[in-house]
Amino acid sequence: MEDDADGSTSGGPHVLAVDIGGTKVEASIVDRAGVISARRREPTPRSADAEAVFASVRTCIDDVVSRAAPVACGIGCGGPMELGTGVVSPLNIPAWRAFPLRDRVADHTGLPVAVDNDAKALALGEGWTGAAAGRSDFLAMVVSTGIGAGIVLDGRLLGGRLGNAGHLGHVVVEPAGRPCACGGRGCLEAEASGTAIAQMTGAPPAEAPEHVRRRVGMLVGRAVADAANLLDLDLAVVAGSVALGFGSAFLESARQELQRRSRLDFSRSTRIVFAPAGPDAPLMGAAALAWGIAPEAV
């Protein structure tokens, strides 16, 4: 449990931002300028009980809401999820299958609630206050317990037929690779996520040796190159505990692989950068959802 708030909020309106992943749940209060004034973090329960997981969400929300009066709530959560319903089935939270997250949080808080994939929310946040501010074409990526991405193309956040566009974690990077939780094999998530690293090394990702850190960066660079070549993108912004925790070893390797594989005239200038907000980037994404910020408005 972590509670590192700096007290109650004051001034203009605020929103409630919630980030839900396979390792942690975090809630915060964020103003219209993207300033965080309160937060609470809880570990995501390793439980088969859907209500036990929601109890952690509720604890985080109740703590930060007791210090402010938010006008709306945005939630970034791992997917897949059902378009327009806020019903989620995160691969890294097995207890939640067809869980009505939006309605449960709305009933609990009385607030209007927006829910989207955490990586798609990250893309909104990066276009709002981050490394992609003012850009109309970019990719934002979470490399953490799982791996996902949000794609902004021609000033529009891509949603897809069912709202699940951007699952870069399920691009195949090792054709004969490890089985993935999605049912496939050799997916980026099966080879480079925090879950995969722990399974392969027998230790937490934070203890991964240098060669593992570099391999993870290389595989992420490979996937970003595929996206750049396919979608004519020249910027990928990366966040998440694994990427940020692996630091320069990850980033250097990712950039080298990207350079090797993005050789078309339009893709050879593609860059990978870390999200400037660091570990706060997912919360900025959730806040962007709550504020209703769209790339066109940036």
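The values are calculated or read from the model by the stated rules, or taken from the named source; none is laboratory data. None of these values were measured; they are calculated from a predicted model. Heads up, the Cβs are rebuilt from the backbone with ideal geometry, glycines too, and the neighbour counts pull from every protein chain shown.
Worth a mention:
- Search result, residues across segment 175-195 that are among the aliphatic types (A, V, I, L, M) and either within 30 Å of Leu153 (Cα to Cα) or touching a residue at least 40 places away in the same chain (Cβ under 8 Å) (or both): Ala181, Leu188, Ala190, Ala192
- Any hit, segment 246-254, residues being surrounded by fewer than 22 Cβ atoms within 10 Å (Cβ to Cβ), in contact (Cβ under 8 Å) with a residue 12 or more places away in the chain, of a type in the set (D, E, K, R) and in contact with a Lys or Arg (Cβ under 9 Å, 6 or more places away or on another chain): yes
- For the criterion of being surrounded by 17 or more Cβ atoms within 10 Å (Cβ to Cβ) and under 21 Å from Ala249 (Cβ atoms), Ala181 fails.
- Just one residue in the set Arg67, Arg39, Arg46, Arg58 is within 21 Å of the chain's Cα centre (by Cα), over 30 Å from Gly183 (Cα atoms) and not in a strand (DSSP E or B); that residue is Arg58.
- Boolean, Val172 is of a type in the set (Val, Ile, Thr) and either more than 22 Å from Thr23 (Cα to Cα) or modelled with pLDDT under 95 (or both): yes
- Pairs linking a residue in segment 265-276 that is more than 14 Å from Ala123 (Cα to Cα) to a residue that is in a loop (DSSP other than H, G, I, E, B), with Cβ atoms under 6 Å and 6 or more positions apart or on different chains, are Phe266/Asp232; Arg268/Ser262; Ser269/Asp234; Thr270/Asp234; Thr270/Ser262.
- Conditions (1) farther than 30 Å from Ala208 by Cβ; (2) outside the structural domain of Gly22 (by TED's automatic domain parsing); (3) charged (D, E, K, R): number failed by Asp107: (2)
- Test: residue in segment 228-246 that is in a loop (DSSP other than H, G, I, E, B), of a type outside the set (Val, Ile, Thr), outside the structural domain of Ile61 (by TED's automatic domain parsing) and under 30 Å from Val64 (Cα atoms): yes
- Residue satisfying condition, being within 30 Å of Ala114 (Cα to Cα) and touching an Asp or Glu at 6+ places or on another chain (Cβ under 6 Å), within set Ala181, Ala140: Ala140
- A count restricted to segment 1-23 and to residues that are in a strand (DSSP E or B) and either in contact with a helix residue (DSSP H, G or I) (Cβ under 6 Å, 6 or more places away or on another chain) or at pLDDT below 95 (or both) stands at 5.
- Output for segment 51-85, where each listed residue is more than 21 Å from Ala149 (Cβ to Cβ), of a type in the set (Gly, Ala, Ser) and buried (at least 19 other Cβ atoms within 10 Å of the Cβ): Ser56, Ala68, Ala72
- Residues satisfying the stated conditions in segment 269-298, i.e. surrounded by fewer than 19 Cβ atoms within 10 Å (Cβ to Cβ), of a type outside the set (A, V, I, L, M, F, W, C) and either at pLDDT 95 or above or under 20 Å from the mean Cα position of the chain (by Cα) (or both): Ser269, Arg271, Pro276, Gly278, Pro279, Gly292
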